[in-house]
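Below you'll find the structure, written out as structure tokens, and then a few comments.
The values are calculated or read from the model by the stated rules, or taken from the named source; none is laboratory data. Keep in mind it's a predicted model, so treat the numbers as computed, not measured. Don't worry about glycine lacking a Cβ; one is built from the backbone with ideal geometry, like all the others, and counts go over all protein chains shown. Ligands, DNA and RNA are excluded from the accessible area calculation, which covers all protein heavy atoms including side chains. Shrake-Rupley method; radii C 1.70, N 1.55, O 1.52, S 1.80 Å.
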Amino acid sequence: MLSAGDYQAIWLTLKLASLTTLLLMIIAPPLAWWLARSQTKIRPLIESLVALPLVLPPTVLGFYLLIAFSPEHFLGEWWLSFNDTSLAFSFTGLVIASVIYSLPFVVQPLQSAFVHLDKSYLEVSATLGYGKYERLYKIIFPMLLPSFIIAGALGFAHTIGEFGVVLMIGGNIPGETQVLSILLFDHVESLQYSSAHQLSFILLAFSTSLLVVIYGFLQKRQQRVLNA
């Protein structure tokens, strides 16, 4: 049976993944649109910075974020001037680190979708009097809904499975920063294999169910388009 600590870690993980995904779905679309459409010379640099978490070891990223979040440096000192707690080893620090670490998993699917978007749809909608934001909500978003769903699901699932970054930034504080991946490692390290099996099965079942739901939705949408 799952313990109270296990349920606490599950709730904290879902909370972290939900907040991270919400922030990513606000930040990523305009960034992906700019990367898809901009011809500025600094675009390769921005693309490289966004994609860096894909190739950089999580512990390296976590280490430098931990330094940045510490009270001895500007960001950590600035945060401490407005709050009573440090940004490092806090849930807020986990959210910020998760947004940075999962950013490419949301930006890249959207950027690819924007690149392959037929410009004629935007030109026709402009001639019909649609403004910039009307085109976004009435043309772009409905057409690219599968890409938005995939991007959000990837960001959510990636946050669920984080280990290195959350360990470096948050440590292992029950109820504050002890997410499922950290607790699972604790169970294995203390030879509590039964508890580790239960948590692993929960993660496996959740990930599989999420993928089945997403691909099922995409299949139905594809069938509707083909039958239209």
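The table for this structure:
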| quantity | calculated |
| --- | --- |
| Complete set of residues in the range 77-103 that are more than 18 Å from ILE67 (Cβ to Cβ), outside any helix (DSSP H, G or I) and either open to solvent by 60 Å² or more (accessible area, probe 1.4 Å) or in contact (Cβ under 8 Å) with a residue 60 or more places away in the chain (or both) | ASP84 |
| In the range 163-177, the residues that are closer than 17 Å to SER86 by Cβ and open to solvent by 20 Å² or more (accessible area, probe 1.4 Å) | LEU167, MET168, ASN172, ILE173, GLY175, GLU176 |
| Residue identified as small (Gly, Ala, Ser) and more than 23 Å from LEU183 (Cβ to Cβ) among SER70, SER3, SER86 | SER70 |
| Qualifying residue in the range 150-173 (condition: within 17 Å of PRO53 (Cβ to Cβ) and among the aromatic types (Phe, Trp, Tyr)) | yes |
| Counted residues, the range 131-180 - those being touching a residue at least 40 places away in the same chain (Cβ under 8 Å) and either in a helix (DSSP H, G or I) or farther than 26 Å from THR208 by Cα (or both) | 28 |
| Checking VAL213 against (1) within 20 Å of LYS15 (Cβ to Cβ); (2) among the β-branched types (Val, Ile, Thr); (3) open to solvent by 70 Å² or more (accessible area, probe 1.4 Å), the condition it does not meet | (1) |
| Search result, residues across the range 193-209 that are surrounded by 15 or more Cβ atoms within 10 Å (Cβ to Cβ) and either more than 24 Å from SER90 (Cα to Cα) or small (Gly, Ala, Ser) (or both) | SER195, ALA196, GLN198, SER200, ILE202, PHE206 |
| Selection from the range 9-44 of residues that are open to solvent by 80 Å² or more (accessible area, probe 1.4 Å) and over 21 Å from the mean Cα position of the chain (by Cα) | GLN39, LYS41, ILE42 |
